[in-house]
1. Treating only the Cβ of Lys, Arg, Asp and Glu as charged (+1, +1, -1, -1), what charge dipole size does the chain show about its Cα centre? Round to the nearest 20 debye.
2. Using 7 Å Cα-to-Cβ label points, what is the residue 90/residue 236 separation (nm, one decimal)?
3. Roughly how many percent of the accessible protein surface of the stretch 24-93 is carbon and sulfur, given a 1.4 Å probe and a whole-percent answer?
4. Calculate, in nm to one decimal, what residue 13 and residue 225 gain on full extension: separation in residues at 0.36 nm each, minus their alpha carbon distance.
5. Apply 1/(1 + (r/R0)^6) to the Cβ-Cβ distance of residue 110 and residue 180, taking R0 = 35 Å, and write down the FRET efficiency to the nearest 0.05.
6. Could you size up the charge dipole of the stretch 121-248 around its Cα centre, putting +1 on the beta carbon of Lys and Arg and -1 on that of Asp and Glu, and report it in debye to the nearest 20?
7. Given the Cα-Cα distance of residue 35 and residue 169 and 0.36 nm per residue of separation, how much length would full extension add, in nm?
Amino acid sequence: GLIDQAEATHAARDLSAGWVATLRDLFVPLRFPLHALQMTALYVGQMAPSSFITNCAYFQASDELRRIQRMAYWTKVLANAHGDELAETHTARAPFESAAHWQPLRQVVEEMLIAYDWGESFTALNLVVKPMMDALVNEQLGALAKANGDRFLSELLAEFDLDSRRSQDWSQALVAYCVDRQPELHGVFAGWLAKWQPKAKAAVDALAPLFTQAPNPMSAQTVSEMVARRYADFIEEAGLPAGSQTRA
């Protein structure tokens with residue numbers, strides 16, 4: 001429905017050149033790290049010790065694929081309205097591979113892809129990297145889009161946030177199940193969190209300055225603090241430590 005409405009009203013055509021430039025730097029390269037979230041979710045599902053977990057992880061991977069597809073669609077619509085270069089591979093790939101703002105995120109998702117211990121992989125993805133990235137992309141980028149007149153992207157990211165909350169619900173439930181049956185696992189989770197939280201936080205902080213480049217900007221400090229606050233709420237609801245580096 002959102003897509004039909006956006007196409008009928010030619011929503012992309014009316015976006016300002018400054019906002020389109022912001023999307024080129026901040027939005028278009030997201031296909032790469034978000035695909036890493038999808039790949040890791042599939043690994044978590046494949047290696048899970050229970051079909052109940054597998055089902056949750058595979059639905060999560062499907063949500064990630066849908067998010068990537070919808071964002072690819074909007075990238076192409078932007079390209080049709082503002083220049084084919086926006087949808088070319090190098091426009092997304094070059095920043096992700098070499099731009100300084102993207103390298104901490106690139107590092108953490110590539111390290112996550114080779115975290116082969118199932119418990120650590122689940123922790124890195126569902127308890128650290130994904131909730132922080134979802135807070136940055138779905139919530140903060142959505143707010144930035146709204147402030148810059150991009151109603152379609154704002155509403156689309158709000159829809160993705162519903163998927164994020166479903167992922168967080170089942171992740172918190174799994175943590176509670178594990179710790180209830182083996183209390184010593186709380187310390188195991190804490191050890192993995194201490195390893196992955198600083199890396200994910202560094203990725204958020206590196207991308208936050210891109211929010212200042214929009215015509216109607218958000219401060220990098222505000223972006224980082226809002227992500228940290230939402231993440232702290234999520235992880236503390238799971239009964240696990242947020243860590244000093246993730247608190248606002």
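The values are calculated or read from the model by the stated rules, or taken from the named source; none is laboratory data. Just so it is clear, the model here is predicted, and its values are computed rather than measured. Please note: Cβ atoms are built from the backbone with ideal geometry, for glycine as well, and neighbour counts cover all protein chains shown. Each accessible area value is taken on the protein alone, full model and side chains, heavy atoms only, with ligands, DNA and RNA left out. Shrake-Rupley method; radii C 1.70, N 1.55, O 1.52, S 1.80 Å.
1. 160 debye
2. 4.8 nm
3. Heavy-atom surface of the stretch 24-93 belonging to carbon and sulfur, 1.4 Å probe: 58 percent.
4. Result: 73.0 nm gained on full extension.
5. For residue 110 and residue 180, the calculated efficiency is 0.55.
6. 280 debye
7. 46.1 nm
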